[in-house]
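Only one structure is covered here, and it is reproduced in the block below.
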Amino acid sequence: MMLKERLAALKKRIPPQTCLIAVSKTHPASSILEAYACGQRVYGENKVQELCAKQEELPGDIEWHMIGHLQSNKVKYIAPFVALIHGVDSLKLLKTIDKEGRKNKRIIPCLLQVHIAEESSKFGFSPEELREMLAAGAWQELEFVEVRGLMGMATFTEDKAQVQREFHSLKVLFDEVKERYFADSSDFKELSMGMSDDFELAIEAGSTMVRVGSALFGARDYNL
Ligand SMILES: *Cc1c(COP(=O)(O)O)cnc(C)c1O
């Protein structure tokens with residue numbers, strides 16, 4: 001199948017109100033341009049250097065999402081243009097994004113990453129850490145970040161019930177946090193969950209953004 005056909009097939013499986021983020025990491029600019037020609041405008045990358053290089057080279061109306069782990073010292077490179085940072089996993093990082101937003105005179109939209117998978121991972125707040133961070137309140141003083149919602153990744157497993165459970169737990173946490181801290185805000189509305197192998201389960205569980213790479217661009221070759 002050609003990329004054009006894969007994109008069309010994918011879109012049939014994703015409701016129109018759900019945002020499709022085309023995860024283009026490791027794939028060349030030419031592949032992005034192919035999807036761009038079919039109308040796809042939202043792309044996700046997980047490495048700052050690759051994101052910046054592609055942003056410079058490709059059309060200006062592309063919406064670039066940073067979906068990977070972000071180090072504080074690299075925020076400055078993406079702050080001028082990034083449309084959404086998905087992986088905010090500490091107050092320190094949120095404060096750095098705020099500082100860079102101020103320098104760039106723009107409010108930077110962010111998602112707080114929550115660790116929902118059974119697998120041990122260094123990244124993401126635990127639900128308890130997230131509650132503590134939000135309750136402490138310091139984040140509310142940040143003027144140049146806008147917390148738009150939550151992001152999470154399910155365990156990499158064949159066990160469908162487990163993946164469903166994990167997505168459901170993130171949706172429940174999302175609703176809890178929304179009610180407690182963002183009841184008056186229309187900005188807190190995004191739940192970024194679901195990838196090539198599990199986006200349909202994620203959508204069923206209430207995802208508003210799916211991050212799809214290999215199902216669109218094919219397998220990644222990290223040795224290129
Ligand atoms: C690579 C990546 C994806 C896309 O993965 P696929 O399985 O290729 O769809 C989604 N989210 C994050 C955070 C990623 O790093």
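With 5 Å bins beginning at zero, the pair-distance distribution over Cα atoms of the range 122-212 amounts to 3, 13, 23, 24, 18, 11, 6, 2, 0 %. For the range 17-215, relative contact order (Cα pairs under 8 Å, six or more residues apart, normalised by length) works out to 19 percent.
Taking the Cα centroid of the range 152-185 and of the range 75-130, what is the distance between the two, rounded to the nearest whole Å? Taking the Cα centre of the range 75-130 as reference, the centre of the range 152-185 is 18 Å away.
With Cβ to Cβ distances under 15 Å as the rule, what net charge do the other residues near P28 carry (K, R +1; D, E -1)?
Working: positive: K25, K47, K54, R220; negative: E34, E45, E50, E56, E57, D221.
Charge balance in the 15 Å sphere: -2.
For the options L112, L170, L134, a Gaussian network treatment of the chain with springs between C-alpha atoms closer than 10 Å singles out L134 as fluctuating the most. Go through K47/K103; K74/K95; K160/K189; K54/K160 and tell me which ones have a Cα-Cα distance over 24 Å in this structure. From K47/K103; K74/K95; K160/K189; K54/K160, over 24 Å: K160/K189; K54/K160. The listed residues Y77, Y43, Y181 rank as Y77, Y181, Y43 when sorted by accessible area, largest first, using a 1.4 Å probe.
Once R0 is set to 41 Å, what does the formula 1/(1 + (r/R0)^6) return for the Cβ-Cβ distance between R180 and K74, expressed as a FRET efficiency to the nearest 0.05?
Numbers: r = 31 Å, r/R0 = 0.76.
With a Förster radius of 41 Å, E is 0.85.
Taken along the Cα-to-beta-carbon direction at a fixed 7 Å, the label points for K47 and K122 span 1.6 nm.
With θ taken as phi - 60° and the Karplus curve 6.51 cos²θ - 1.76 cosθ + 1.60 applied, the whole-hertz 3J(HN,Hα) list for the range 134-151 is 5, 5, 5, x, 4, 4, 6, 7, 7, 8, 10, 10, 10, 7, 8, x, 10, 9 Hz, x standing for glycine and proline.
How much of the accessible area of the chain, in percent, comes from carbon and sulfur atoms when a 1.4 Å probe is used? With neighbouring chains kept in place, the figure for the chain is 50 percent.
Return one quarter of the surface area of the convex hull spanned by the alpha-carbon atoms of the chain, equal to its mean projected area, in nm².
Values: hull surface 49.2 nm².
Convex hull of Cα atoms, orientation-averaged projection: 12.3 nm².
Tell me, what is the Rg over Rh of the range 159-204, with Rh the Kirkwood radius over Cα pairs? Display every interim value, and only then the final one.
Numbers: Rg = 12.0 Å, Rh = 11.4 Å.
That ratio equals 1.05.
The heavy atoms of C19 present about 30 square angstrom of accessible area, all protein chains included, probe 1.4 Å. Given +1 at the Cβ of Lys and Arg, -1 at the Cβ of Asp and Glu and no other charges, the dipole of the range 111-199 around its Cα centre is 100 debye to the nearest 20.
In this simple spin-label approximation, K11 and L33 carry label points 7 Å from Cα along the Cα→Cβ vector, and these lie 2.1 nm apart.
The values are calculated or read from the model by the stated rules, or taken from the named source; none is laboratory data. Just so it is clear, the structure is predicted and the values come from calculations on it, not from any experiment. When we count neighbours, we look across all protein chains shown, and the Cβ atoms used for this are built from the backbone with ideal geometry, even at glycine. Side chains included, ligands, DNA and RNA excluded: accessible areas come from the protein's heavy atoms. Shrake-Rupley method; radii C 1.70, N 1.55, O 1.52, S 1.80 Å.
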